[in-house]
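Notes follow once the structure below has been shown.
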Amino acid sequence: MTVLPHRAVAKLKAHLAKRGFGDIEVNVSGAYDPTTTSIDSRLIQAQAAVYRGAGASPLFWPRLAGSWPGYLFTGAPLKLPAGHFGLGHGARQHAPDEYYVIDSKNPRITGLNDAVRSFVDYLYALA
C-alpha cells in the first residue's frame, strides 16, 4: 500500500485488538499524502480537451494515490497542479508481463503512434 491514511491505521489496530492481537505494533512507513488537483486547473482541462478530441470521455479523480510523492508539488508551498495523462492501451504496469499495443487493428484502441501524438496534442493544448 503506497498511501495509508491515519484512519486506516486506527481501524487496523482496532481490528487486531478485537481479535486478541492488541500487542502487535503497527509501524507505518513509506506512505505519501494524496495528490490533489482542482478539475478547473488549466492542466486538467488541457488533458480533458485532448481526451474529448480523441473521442474519449475522461473520468476525473480529484485525488490520486500512488507510488509517487505528488503532494510535494500540489501542496504548499508550490501548489502546482498535477495529473496523469496518456492515450493508448496497455496493462499490468510494473509487472513482468506488462504490455503496450504498438499497432492496433481495432479503431477503438490506440496504438503507439497515436499515443505519442496524444502527448504532442496535450502540450499544444497547454501552450
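Checking the conditions here, which among GLY83, GLY66 is small (Gly, Ala, Ser), part of a loop (DSSP other than H, G, I, E, B), modelled with pLDDT of 85 or more and not assigned by TED's automatic domain parsing to the domain that holds PRO5? Break it down stepwise before answering.
Numbers: GLY66 fails: modelled with pLDDT of 85 or more.
One residue alone meets the criteria, GLY83.
Among the candidates VAL50, VAL26, which residue alone is touching an Asp or Glu at 6+ places or on another chain (Cβ under 6 Å) and not in a strand (DSSP E or B)?
Working: VAL26 fails: touching an Asp or Glu at 6+ places or on another chain (Cβ under 6 Å).
Exactly one residue qualifies, and that residue is VAL50.
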### Criterion: within 18 Å of the chain's Cα centre (by Cα) and free of Cβ contacts under 8 Å to residues at least 24 places away in the same chain - qualifying residue of ILE44, ILE39
ILE39
### Summary
In segment 87-123, anything out of contact with any Gly (no Cβ under 8 Å at 6 or more places or on another chain), at pLDDT 85 or above and not β-branched (Val, Ile, Thr) is listed as LEU87, LYS105, ASN106, ASN113, ARG117, TYR122, LEU123
## Note on the structure
Of the residues in segment 118-127 that are without any contact (Cβ under 8 Å) to a residue 12 or more places away in the chain and assigned to a helix (DSSP H, G or I), the one that is farthest from LEU87 (Cα to Cα) is TYR124
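Determine whether TYR71 is touching a residue at least 24 places away in the same chain (Cβ under 8 Å) and touching an Asp or Glu at 6+ places or on another chain (Cβ under 9 Å). Break it down into steps so the answer makes sense when it comes.
Numbers: touching a residue at least 24 places away in the same chain (Cβ under 8 Å): yes; touching an Asp or Glu at 6+ places or on another chain (Cβ under 9 Å): yes.
In short, yes.
Taking the condition basic (Lys, Arg), modelled with pLDDT of 95 or more and either out of contact with any Lys or Arg (no Cβ under 8 Å at 6 or more places or on another chain) or loosely packed, with under 15 Cβ neighbours inside 10 Å (or both), does LYS18 pass? Walk me through how you get there before you give the answer.
Details: basic (Lys, Arg): yes; modelled with pLDDT of 95 or more: yes; either out of contact with any Lys or Arg (no Cβ under 8 Å at 6 or more places or on another chain) or loosely packed, with under 15 Cβ neighbours inside 10 Å (or both): yes.
When the stated conditions are applied, LYS18 passes them.
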### Task
Please work out if ILE102 is in a loop (DSSP other than H, G, I, E, B) and either of a type in the set (A, V, I, L, M, F, W, C) or under 16 Å from the mean Cα position of the chain (by Cα) (or both).
yes
### Summary
Across (1) touching a residue at least 60 places away in the same chain (Cβ under 8 Å); (2) within 17 Å of the chain's Cα centre (by Cα), VAL50 clears everything bar (2)
### Task
Please specify each residue of segment 74-111 satisfying the condition of being in contact (Cβ under 8 Å) with a residue 40 or more places away in the chain and within 22 Å of ALA48 (Cβ to Cβ).
PRO81, ALA82, GLY83, THR110
### Task
With respect to SER67, determine if the residue is out of contact with any Phe, Trp or Tyr (no Cβ under 6 Å at 6 or more places or on another chain) and within 21 Å of ALA8 (Cα to Cα).
yes
### Query
Looking at segment 22-56, which of its residues are closer than 14 Å to THR74 by Cβ and touching a Leu at 6+ places or on another chain (Cβ under 6 Å)?
THR35
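The values are calculated or read from the model by the stated rules, or taken from the named source; none is laboratory data. This structure is a prediction, so every number in the text was calculated from the model and none was measured. Backbone-built Cβ (ideal geometry, glycine too); neighbour counts: all protein chains shown.
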